[in-house]
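Chemist: I am attaching a structure below and will ask some questions about it afterwards.
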Amino acid sequence: MNSQLSSAQVRLFAAATSWIEGEALRQLYATANLDGMRSAVGFPDLHPGKGSPVGAAFVTEGIIYPHLIGGDIGCGMALFTTDLPRRNARLDRWASLRFDLEHPFAEARERLRDYGLDSTEFDDAFGTVGGGNHFAELQAVERVSDAEAFAKVGLSKEQLAILIHSGSRGLGDSILRKHVSEHAGRGMTADSEAGKEYLRTHDIAVQWAEANRDVIAQRFAGLLDADIERRWDGCHNSITRAGSPSPLNGDRAGVRGGYGEEVFIHRKGAVNADSEFVVIPGSRGSLAYIVKPTGDGESHAWSLAHGAGRKWTRSDARQRMRERFSVDELTQTSLGGRVVCEERDLLYEEAPAAYKNIETVIADLVDAGLVSVIATLRPLLTYKTRKQKR
C-alpha cells in the first residue's frame with residue numbers, strides 16, 4: 001500500500017485480509033506528515049501506540065524525533081544457544097526454580113563495568129527482565145525449512161535455545177523524559193547540540209539494553225546449569241543511521257539510500273533487518289520464527305516486524321481472559337510449554353489470545369518478499385515473574 005497524501009511515502013506490508021486497527025493506520029499516516037519524513041513503513045504487527053504506532057519504522061533526512069521510539073530505548077530480543085539437549089528437558093522441575101530475574105543481583109555493578117558501562121541510578125535494574133511483554137524463554141527447534149541457512153544460525157535440531165526480550169529498563173525512560181521536558185515532541189537536526197546530546201545518551205541506553213539481555217540470559221542459564229553463546233541480538237526501539245549496527249556490534253559507515261542527506265531510521269517495535277537472520281516470535285502459546293531477510297532494504301526502511309503484535313489492549317485482555325480461562329489454564333500452553341507468571345493481571349494481559357496470529361504475520365512478510373523462513377522454535381518454558389518477594 002502506497003500513499004501520495006504527504007511528502008513521505010507510506011507503505012503497509014500487510015495483506016488486505018490481515019487485521020490492522022484503524023487507529024494504528026491513522027497514527028502511521030499522521031507520523032508520515034512530520035517535517036523531514038521520507039518514508040513511513042508499517043508491518044503486519046502494526047498496532048496503536050502512545051501517539052505513534054508500534055510495529056513501524058520511519059525514515060527521516062537529517063532530523064530526529066526521539067518521542068517516536070518511546071522510553072524503552074534499546075528494547076529488543078537476543079537468541080542464545082545452550083549445551084542442553086532437548087531430550088534432557090525437565091519442564092516441571094525447571095518451572096519450579098527461583099530464577100529471580102525480576103530481582104537485582106549482587107554482581108550488577110561489576111558486570112556493568114565488564115561491558116564498559118558507567119554506574120547510574122538504574123544499576124539495580126541491570127540484569128533484570130522487567131514487566132509488560134518482556135520474558136526469558138527456553139525454546140526447542142520445531143521445524144527446519146532451510147537447512148543451509150539454518151546451519152549459519154549455529155543451532156542444532158536437538159539443542160535448546162534461549163530467547164530474551166528486555167530493554168533499558170528505567171534508564172531509557174529517564175533519557176526520554178529529560179529530553180521531552182526540554183524540547184517537548186519537536187524534531188531537531190541530528191547535528192544540533194540537542195540532537196547530539198540525545199543521540200549520545202540514546203546510544204548508551206542501547207548498549208545498556210543489549211548488555212542487559214546478555215546478563216539476563218547468563219542468569220537464566222546459570223540455574224539450568226547450561227553454557228550459552230549469543231547468536232543474534234535485534235533491537236526494536238532505536239534511532240540509527242541507515243546501515244548502522246548496534247554499539248556492541250562495531251561500526252559501519254551510514255548510507256543515504258538514495259536520499260539527499262544522512263538518513264535516520266526510527267524503529268518502534270520493528271527490528272533491524274541488516275543481519276543474516278532475524279527471530280520473530282509470536283506469543284508464549286505459538287511458535288517463533290527464524291527468518292532470512294530478503295527485501296531490498298530501502299523499501300521497508302531496513303526493518304522487519306518484531307513479533308505478532310497486540311490484538312487487544314491490556315485492559316481488554318484482562319477482562320476477556322478472566323471470563324474464559326483460569327490461572328492454571330494459562331500457565332500451561334496448547335504447545336505444552338510452561339509459563340511462570342505469578343502476577344495475575346500480567347498473566348491475563350500477556351495471554352496468547354491477546355496477540356495476533358504469528359503465522360499470518362510471517363505469511364504477509366513472505367508474500368511481500370521481505371523474508372524467507374529458516375526454522376521455527378517451540379517455547380518450552382517462559383519466565384516472566386514470581387509474585388513473592390525475596
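The values are calculated or read from the model by the stated rules, or taken from the named source; none is laboratory data. All values reported here derive from a predicted model rather than from experimental measurement. Positions of Cβ are backbone-derived with ideal geometry, glycine not excepted, and every protein chain shown enters the neighbour counts. When the accessible area is computed, the model is the full protein with side chains, heavy atoms only, and any ligands, DNA or RNA have been set aside. Shrake-Rupley method; radii C 1.70, N 1.55, O 1.52, S 1.80 Å.
Chemist: Taking a point 7 angstrom from the Cα of Glu276 along the C-beta vector, which residues in segment 210-232 have backbone N less than 12 Å away?
Modeler: Residues 231-232 qualify, since their backbone N sits under 12 Å from the label point.
Chemist: Of the candidates Thr128, Thr120, Thr201, which one comes out as most mobile in a Gaussian network treatment of the chain with C-alpha springs shorter than 10 Å?
Modeler: Thr120
Chemist: In deg cm²/dmol, rounded to 500, what helix-only [θ] at 222 nm does the chain give when every DSSP H run of at least 4 residues adds -39500 (n - 2.57) and the total is split over its residues?
Modeler: -8000 deg cm²/dmol
Chemist: I want the local charge near Met77. Using Cβ-Cβ distances under 9 Å, sum +1 for each Lys or Arg and -1 for each Asp or Glu among the other residues.
Modeler: Values: positive: Arg213; negative: Asp233.
Its environment carries a net charge of 0.
Chemist: Another question, then. What is the set of long-range amide H partners of Met188 at a cut-off below 5 Å, with H atoms built 1.01 Å from backbone N?
Modeler: Placed amide hydrogens put Ile64 under 5 Å from Met188.
Chemist: Same structure, new question: With +1 on each Lys and Arg Cβ and -1 on each Asp and Glu Cβ, and nothing else charged, work out how big the dipole of the chain is about its Cα centre, in Debye to the nearest 20.
Modeler: 960
Chemist: Related question: Which value, in Å², gives the accessible area per residue of segment 114-189 when a 1.4 Å probe is used on the protein heavy atoms?
Modeler: With all protein chains present, segment 114-189 gives 44 Å² per residue.
Chemist: Now for a separate question. Residue farthest toward the positive end of the dipole of the chain, with Cβ of Lys/Arg at +1 and Asp/Glu at -1: which of Val361, Trp302, Thr189?
Modeler: Ranked along the dipole, the leading option is Val361.
Chemist: Rounded to whole Hz and in sequence order, give me ³J(HN,Hα) for segment 322-339 from the Karplus expression 6.51 cos²θ - 1.76 cosθ + 1.60, θ = phi - 60°, writing x for Gly and Pro.
Modeler: Values per residue, Gly and Pro as x: 4, 6, 10, 9, 8, 4, 4, 5, 8, 9, 9, 8, 5, 8, x, x, 9, 10 Hz.
Chemist: Compare Glu107, Glu342, Glu158 in a GNM of the chain, Cα atoms joined below 10 Å, and give the one with the largest fluctuation.
Modeler: Comparing Glu107, Glu342, Glu158 in the GNM, the peak value goes to Glu107.
Chemist: If you count only protein heavy atoms with a 1.4 Å probe, what accessible area per residue comes out for segment 1-97, rounded to a whole Å²?
Modeler: 40
Chemist: Of the candidates Gly172, Gly132, Gly337, which one comes out as most mobile in a Gaussian network treatment of the chain with C-alpha springs shorter than 10 Å?
Modeler: Greatest mean-square fluctuation among the candidates belongs to Gly132.
Chemist: May I ask you to give the solvent-accessible area per residue for segment 256-348, in square angstrom, as obtained with a 1.4 angstrom probe?
Modeler: For segment 256-348, the per-residue accessible area is 42 Å².
Chemist: With every protein chain kept in the model, how would you rank Arg113, Arg86 by accessible area, 1.4 Å probe, largest at the top?
Modeler: Arg113, Arg86
Chemist: While we're here: Considering only DSSP beta bridges whose two residues both sit in segment 1-75, what percent are antiparallel, to the nearest 5?
Modeler: Here the antiparallel bridges make up roughly 60 percent for segment 1-75.
Chemist: How large a share of the accessible area of the chain, in percent, is made up of carbon and sulfur atoms when the probe is 1.4 Å and the other protein chains stay in place?
Modeler: Values: 7460 of 16280 Å².
Solvent-exposed carbon and sulfur of the chain make up 46 percent of the total.
Chemist: If you don't mind, another one. Using the charge dipole of segment 7-136 (Lys, Arg: +1 at Cβ; Asp, Glu: -1 at Cβ; taken about the Cα centre), state which of Leu79, Ala16, Phe58 has its Cα farthest towards the positive end.
Modeler: So the residue furthest toward the plus end is Ala16.
Chemist: Provide the packing ranking of 323-334, 286-297, 40-51, i.e. peptides ordered by the mean count of other C-beta atoms within 10 Å per residue, highest first.
Modeler: 40-51, 286-297, 323-334
Chemist: Within the chain, what percent of beta bridges assigned by DSSP are antiparallel, to the nearest 5?
Modeler: Antiparallel bridges: around 90 percent, rounded to the nearest 5.
Chemist: Which whole-Hz ³J(HN,Hα) couplings does segment 122-135 yield from phi under the Karplus relation 6.51 cos²θ - 1.76 cosθ + 1.60, θ = phi - 60°, glycine and proline marked x?
Modeler: 10, 4, 5, 8, 5, x, 10, 6, x, x, x, 8, 6, 6
Chemist: Something else about it: Which sequence of Ile20, Ile228, Ile358 reflects their accessible areas, 1.4 Å probe, from the largest down?
Modeler: Ile228, Ile20, Ile358
Chemist: If you compute semi-axes √(5λ) of the Cα gyration tensor in Å for the structure shown, which of (1) 37, 26, 22; (2) 30, 28, 23; (3) 31, 24, 21 do you land on?
Modeler: (3)
Chemist: Oh, and also: Going by Cα centres, segment 343-390 and segment 182-219 are how many Å apart?
Modeler: Measuring centre to centre over Cα atoms gives 26 Å.
Chemist: Now for a separate question. Along segment 303-314, what does the Karplus equation 6.51 cos²θ - 1.76 cosθ + 1.60 (θ = phi - 60°) give for ³J(HN,Hα), rounded to whole Hz, x for Gly and Pro?
Modeler: So the Karplus estimates, Gly and Pro as x, are 9, 9, 4, 9, x, 6, x, 6, 9, 10, 5, 5 Hz.
Chemist: Under the rule of at least 5 residues apart or a separate chain, name every residue whose amide H is placed under 5 Å from the amide H of Ile374.
Modeler: Ile290, Val291, Lys292
Chemist: Another question, then. Once the other residues with Cβ under 14 Å from the Cβ of Cys235 are scored (Lys, Arg +1; Asp, Glu -1), what is the net sum? Write out the running numbers ahead of the final one.
Modeler: On the way: positive: Arg213, Arg230, Arg241, Arg267, Lys268; negative: Asp72, Asp203, Glu210, Asp214, Asp233, Asp274.
Around Cys235, the surrounding residues sum to -1.
Chemist: Then there is this: Any idea what the dipole of segment 42-136 comes to, in debye rounded to 20, about its Cα centre with Lys/Arg Cβ at +1 and Asp/Glu Cβ at -1? Walk me through the numbers on the way to the answer.
Modeler: Working: 9 positive and 14 negative charges, 108 e Å.
Its charge dipole is roughly 520 debye.
Chemist: Name the long-range amide H neighbours of Ala270: under 5 Å, sequence gap of 5 or more, or other chain; modelled H, no Pro or chain starts.
Modeler: The answer is Gly55, Ala56.
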